[in-house]
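Worksheet for the structure shown next.
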Amino acid sequence: KEKLVKFIIWFKGSLFFLLSVAIFLSIFTFSISDDSFLTKSSGATSNILGTLGSYLASFLIYSFGLMSYLIVFFLLIYSIAVFRKKDFGYFFIRLLFILVSIVFIPQIFLFWGIDYDLNDQIKSLGEISYMLFEIHRIEWVSYILSFIGIILFLFTQNIFMLLKISKFNFNSLSFKKV
């Protein structure tokens, strides 16, 4: 039974690691000329994962822009946690919060006008972030949404759990009367 549990942990960790690597390679080798949900091409797909990779990358890049790499980071941290036998729990809720955070984080960059030009047809911070910004266009809302996005991202990653920071014991700080 113990070997089966170890195998399941190894398999789950490996699955998340391979998924993070596959998504990274898909996004990294994204090309606007590949087949996607928005374009059709008669040429060969240049994405390293083929047609599936080009569709996946186009969805992530068009929706979330460069912030898509944070999904890769999330899956990588989750795989490390599984290998270290740390139970994060609530995977899909954490994934939902990651997706919300990568839409919220760029709001302040959009307000400041900071943008990286990927392509004329693609918004570098993602279409969803731009649509949300177009709704409000208010400085303090941008600050608040970016702050909420950063907090959500950090809490869903639970990085401190992986670092094995020893717990501080307040009982050991007893004051003795002199």
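The values are calculated or read from the model by the stated rules, or taken from the named source; none is laboratory data. Predicted model, so just to flag it, every value in this text is computed and none were measured. Note: ideal-geometry Cβ built from the backbone for every residue, glycine included; neighbour counts use all protein chains shown. For the accessible areas, the whole protein counts, side chains as well, though only heavy atoms, and no ligand, DNA or RNA atoms are used. Shrake-Rupley method; radii C 1.70, N 1.55, O 1.52, S 1.80 Å.
Among 126-134, 89-97, what's the highest-first ranking by average C-beta atoms within 10 angstrom per residue? Each step should come with its number before you reach the end.
On the way: 126-134: 17.4, 89-97: 12.3.
Highest-to-lowest ranking by the protection proxy: 126-134, 89-97.
Treating the angle as unsigned and between 0 and 90°, give the value, to the nearest 10°, between the Cα long axis of helix 50-64 and the longest Cα principal axis of the chain.
70
In angstroms, what radius of gyration and Dmax does the range 31-121 have, counting Cα atoms only?
16.0, 47
Could you rank the peptides 40-50, 104-114 by their average count of other C-beta atoms within 10 Å per residue, with the highest value first? Mind showing how you got there, number by number?
Values: 40-50: 13.4, 104-114: 18.3.
So the peptides 40-50, 104-114, ranked by packing, come out 104-114, 40-50.
Compute the long axis of helix 139-157 from its Cα atoms, compare it with the longest principal axis of the Cα atoms of the chain, and write down the angle in degrees, 0 to 90, nearest 10.
The two axes meet at around 60 degrees.
Normalised by the residues of the chain, what does the relative contact order come to in percent, with Cα pairs under 8 Å and at least six apart?
So the answer I get is 22 percent.
Can you tell me the relative contact order of the range 1-95? Whole percent, Cα pairs under 8 Å, sequence separation 6 or more.
RCO, the range 1-95: 35 percent.
Ignoring ligands, DNA and RNA, please state the percent of accessible area on the chain from carbon and sulfur, probe 1.4 Å.
71
Find the Rg to Rh ratio for the chain, where Rh is the Kirkwood radius over alpha-carbon pairs and Rg uses the same atoms.
Looking at the chain, the ratio lands at 1.11.
Leaving out ligands and nucleic acids, and using a 1.4 Å probe, what accessible area per residue does the chain come to in Å²?
Values: 11850 Å² over 178 residues.
Value returned for the chain: 67 Å² of accessible area per residue.
Can you tell me the orientation of helix 91-104 relative to the chain, as the angle in degrees between its alpha-carbon axis and the longest Cα principal axis, to the nearest 10?
For 91-104 against the chain, the angle is about 60 degrees.
What does the charge dipole of the chain about its Cα centre add up to, to the nearest 20 debye, if the Cβ of each Lys and Arg holds +1 and the Cβ of each Asp and Glu holds -1?
Magnitude of the dipole: close to 1560 debye.
Quick one: Kirkwood hydrodynamic radius for the range 75-162, alpha-carbon pairs, angstrom, one decimal?
14.2
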